[in-house]
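Peer 1: Pasting a structure below so you can have a look.
The values are calculated or read from the model by the stated rules, or taken from the named source; none is laboratory data. These figures come from a predicted structure and were not determined experimentally. Note that we place each Cβ from the backbone using ideal geometry, even for glycine, and neighbour counts take in every protein chain shown. The protein model used for the area step is the full one, side chains on, heavy atoms only, and it has no ligands, DNA or RNA in it. Shrake-Rupley method; radii C 1.70, N 1.55, O 1.52, S 1.80 Å.
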Amino acid sequence: MKNSPPFDAAAIELGKKILAQFGKNEDRGILTSWMSHHVAELITRAENEKGPPAEQEIRHACVETILRLWAHRNSLPNGSRPFESAERAAQTLARLAPDSNQNFYSMRHAPAEKGNDDSSVHAGVWLDFADAFDKAARELIRICMSQSLGTSAAGLRDWLQAAYGLEDEPAVDIQVVKGLIENASDQELDEIANSDTSKSTRVVAQLDKIIENLSSIRASVALRANNDTTSEAPTE
């Protein structure tokens, strides 16, 4: 067992959590059932074996098996994957922002230098509009992402906590799920989980606020268009 990882109680707890996830899956296949029994047996032996060298060997074997299983978490059958409830949200986010982890649409502009010429003022106004639309789009997407996670957010947090510190560098899926959870405020997720108000009612209220902001932007754009038309009208 020269290259085996050291015994880690956190890994054992992660193994138990994986077994609990397997237990929730009513459509377990032969392979999943075998893995479940095998890991359960290793955990039982690791917690009850006394005296070297058997105790050390079984503990190392148990941790090694759990970490190998965890490394293949995203290949597990439907109903058994730890981050399964966030998979579609992560895929949607990737399609919306394939090259950026900050904004979904327009890039954030650096503050424009103030100038007195009409072209600078004109460009600055439209860039402000672009930022306003970008903010509204990101808020809409954030709402959709939060609602898609819904009550599964607490379970996802539990998985993140169980896996914390077991890898030198967090894997991509862990980083993505962590980002999805952090992007939705704790208060909002708690409201989704505990509120008696229906999802639709909450979303409508949030959308009303965004529509109000967009209406203000529309009014500003319309005013700008009127001013442009007036200034371009031929004089007699």
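Peer 1: Considering segment 22-79, what Rg and Dmax in Å follow from its alpha-carbon atoms?
Peer 2: 13.0, 40
Peer 1: Between Thr229 and Glu169, how high is the FRET efficiency from 1/(1 + (r/R0)^6) when r is the Cβ-Cβ distance and R₀ = 45 Å? Nearest 0.05. Kindly include the intermediate steps, with their values, before the conclusion.
Peer 2: Working: r = 57 Å, r/R0 = 1.26.
About 0.20, to the nearest 0.05.
Peer 1: Another one. Can you tell me the length gained on complete extension of the stretch Leu160 to Ala222, counting 0.36 nm per residue apart and subtracting the Cα distance? Each step should come with its number before you reach the end.
Peer 2: Working: separation 62, 0.36 × 62 = 22.32 nm, distance 4.76 nm.
My answer for the length gained is 17.6 nm.
Peer 1: Here's something else I'd like to know. Just how much of Ser152 is accessible, in Å², when a 1.4 Å probe is used and the result is rounded to the nearest 10?
Peer 2: Accessible area of Ser152: about 30 Å².
Peer 1: How far is it, in nm, from the label point at Asn74 to the one at Arg45 when both lie 7 Å from their Cα along the line to the Cβ?
Peer 2: Taking the two extended label points, one gets 3.2 nm.
Peer 1: Note down the accessible area of Arg224, probe 1.4 Å, to the nearest 10 Å².
Peer 2: Rounded to the nearest 10, the figure is 50 Å².
Peer 1: Counting only protein chains, not ligands or nucleic acids, how are Trp126, Trp34 ordered by accessible area (probe 1.4 Å), most first? If you can, show how the numbers build up before the last one.
Peer 2: On the way: Trp126 100, Trp34 150 Å².
If we order Trp126, Trp34 from most to least accessible, we get Trp34, Trp126.
Peer 1: Compute the FRET efficiency between Glu13 and Gln91 as 1/(1 + (r/R0)^6), taking r as their Cβ-Cβ distance and R0 = 22 Å, and round to the nearest 0.05. Kindly include the intermediate steps, with their values, before the conclusion.
Peer 2: On the way: r = 29 Å, r/R0 = 1.33.
Plugging the Cβ-Cβ distance into 1/(1 + (r/R0)^6) gives 0.15.
Peer 1: Apply the Karplus curve 6.51 cos²θ - 1.76 cosθ + 1.60, θ = phi - 60°, to the phi angles in segment 164-171 and return the couplings in whole Hz, x for Gly and Pro.
Peer 2: Each residue's phi maps through the Karplus curve to give 4, x, 7, 10, 4, 10, x, 5 Hz.
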